[in-house]
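A short write-up of the structure that comes next.
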Amino acid sequence: MRRDPKEVRVLVTRKFPERGIDMLKNEGFGVNVWPHERPMTGEEFLKEAKRSTAIFCTLSEKIDRPFLEDCSHIDVISQFGVGYDNIDVMTAGHLGIPVCNTPDVLSDATADVAFGLMINVSRKMFWLHKSIAKGEWKYFRPGSGLGIELRGKMLGVFGMGRIGAEMARRCKSAFGMNIIYHNRKPDKKAEDELEARYVTFDALLEESDVLTLHASLSKDTEGMFDMKAFRRMKKSAIFINTARGLMHNEEDLIRALREGEIWGAGLDVTNPEPMDQNNPLLEMENVAVLPHIGSATEETRNRMSELAASGIIKYYRGEVIDNLVNRRSLDRGR
Ligand code: DGY
């Protein structure tokens, strides 16, 4: 929708990298950046949104049906992130509000974190690092701190999308790992390029040596990795989650690790977030946890900021937004 830039007021909900914010300012838009490190409360968000025409936000902002119905004047929402489970995109579409995100630009960075967690868990690196800090490194011990090797092992990818495929590429070229995957639909490209084999969810659980999550969070995937799932996995398996913490049941994960149902876990996302500092996972030998940093490199965060800003700019210039996530419900709402 073309609009005089002077009439556009973009609410920027966090201190995102300047690049995107400068793009919005250079376009002549009014830009209101939330100045604090902490996210806005729901009340603050609603108040600021009421005097804005566009929202540049991220996963900390809950944009549900009541919010959208209260703010149906909003022209466009642009999410700094690939996941958008904080936004009711269907309702937004029915209200005629396009929602866009930042896919592709963060696939490498996120796959690097999944790959790094896998290696760290398999060699107990976080744990051993902490043991030095505790003064426990006294002498060389041939039989302790032993990890497991990854060469030739089976990687199971839950959600073979852009990030899943990047993780599979890394595992295949670095360790000659074999790839199986489970998606809603088979992915011919992944099968051809990565010699990946499509399997059922149960087979994914049963055959994976490393099971890595890259699907998006939905009603279908929420809580999917629970005790029942962990019990089906190999006792030697490593579970990696860099997607969304709500996809695993954390109490069950703790139990599964304690009871030896699986061997280790690497998490960049937790349930809940932030993780409590007394969470038992932080004291486990075969566990590595990071504070949701999948896309956190300077280069990637700059690209995300630019892409999120470009969604808003394209909208007001009347250009096609490539990374629209609610095209179907928008069409239906029209
Ligand atoms: C994403 O892009 O979805 C990351 O998890 C950050 O929100």
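Mind checking whether some residue in region 308-318 is farther than 19 Å from Met233 by Cβ, among the basic types (Lys, Arg) and over 23 Å from the mean Cα position of the chain (by Cα)?
Residues of region 308-318 farther than 19 Å from Met233 by Cβ: 308-318.
Filter once more, so that each one left must be among the basic types (Lys, Arg): 314, 317.
Going one step further and asking which of them are over 23 Å from the mean Cα position of the chain (by Cα), we end up with 314, 317.
Checking region 308-318: at least one residue is farther than 19 Å from Met233 by Cβ, among the basic types (Lys, Arg) and over 23 Å from the mean Cα position of the chain (by Cα).
Please determine, by comparing only the residues of region 55-81 that are within 16 Å of the ligand (Cβ to nearest atom) and of a type in the set (Ser, Thr, Tyr), which one is farthest from Ala243 (Cα to Cα). Outline the logic, then answer.
Taking region 55-81 and keeping what is within 16 Å of the ligand (Cβ to nearest atom), we get 55-63, 77-81.
When the remaining residues are screened for being of a type in the set (Ser, Thr, Tyr), the result is 58, 60, 78.
Numbers: Thr58: 15, Ser60: 15, Ser78: 20 Å.
Across region 55-81, the extreme among qualifying residues is Ser78.
Among the residues of region 161-181, what is the count of those that are outside any strand (DSSP E or B), touching a residue at least 24 places away in the same chain (Cβ under 8 Å) and open to solvent by 10 Å² or more (accessible area, probe 1.4 Å)?
10
Would you please list the contacts, defined by Cβ atoms under 6 Å and residues six or more apart or on different chains, that run from a residue in region 308-332 that is in a helix (DSSP H, G or I) to a residue that is open to solvent by 30 Å² or more (accessible area, probe 1.4 Å)?
Ala309/Met23; Ile313/Glu27; Tyr316/Arg3; Ser329/Met90; Ser329/His94
Which one of these does Ile77 not meet: (1) open to solvent by less than 10 Å² (accessible area, probe 1.4 Å); (2) touching a residue at least 24 places away in the same chain (Cβ under 8 Å)?
Going through the list (1) open to solvent by less than 10 Å² (accessible area, probe 1.4 Å); (2) touching a residue at least 24 places away in the same chain (Cβ under 8 Å), Ile77 breaks only (2).
Please specify each residue of region 90-127 satisfying the condition of being assigned to a helix (DSSP H, G or I) and farther than 30 Å from Lys235 by Cβ.
Passing the criteria: Met90, Thr91, Ala92, Gly93, His94, Ser107, Asp108, Ala109.
Among (1) surrounded by fewer than 21 Cβ atoms within 10 Å (Cβ to Cβ); (2) more than 13 Å from the chain's Cα centre (by Cα), there is one condition Leu257 misses while meeting the rest; what is its number?
(1)
When region 82-104 is examined, which residues are found to be within 14 Å of the ligand (Cβ to nearest atom) and either surrounded by fewer than 21 Cβ atoms within 10 Å (Cβ to Cβ) or small (Gly, Ala, Ser) (or both)? Full working, then the answer.
Looking only at region 82-104, we keep the residues that are within 14 Å of the ligand (Cβ to nearest atom), and these are 82-87, 89, 99-104.
Across region 82-104, the qualifying residues are Gly83, Asp85, Asn86, Pro103, Asp104.
The values are calculated or read from the model by the stated rules, or taken from the named source; none is laboratory data. Model, not experiment: these values are computed from the prediction. Using ideal geometry, Cβ is built from the backbone for each residue, glycine included, and neighbour counts are taken over all protein chains shown. Side chains included, ligands, DNA and RNA excluded: accessible areas come from the protein's heavy atoms. Shrake-Rupley method; radii C 1.70, N 1.55, O 1.52, S 1.80 Å.
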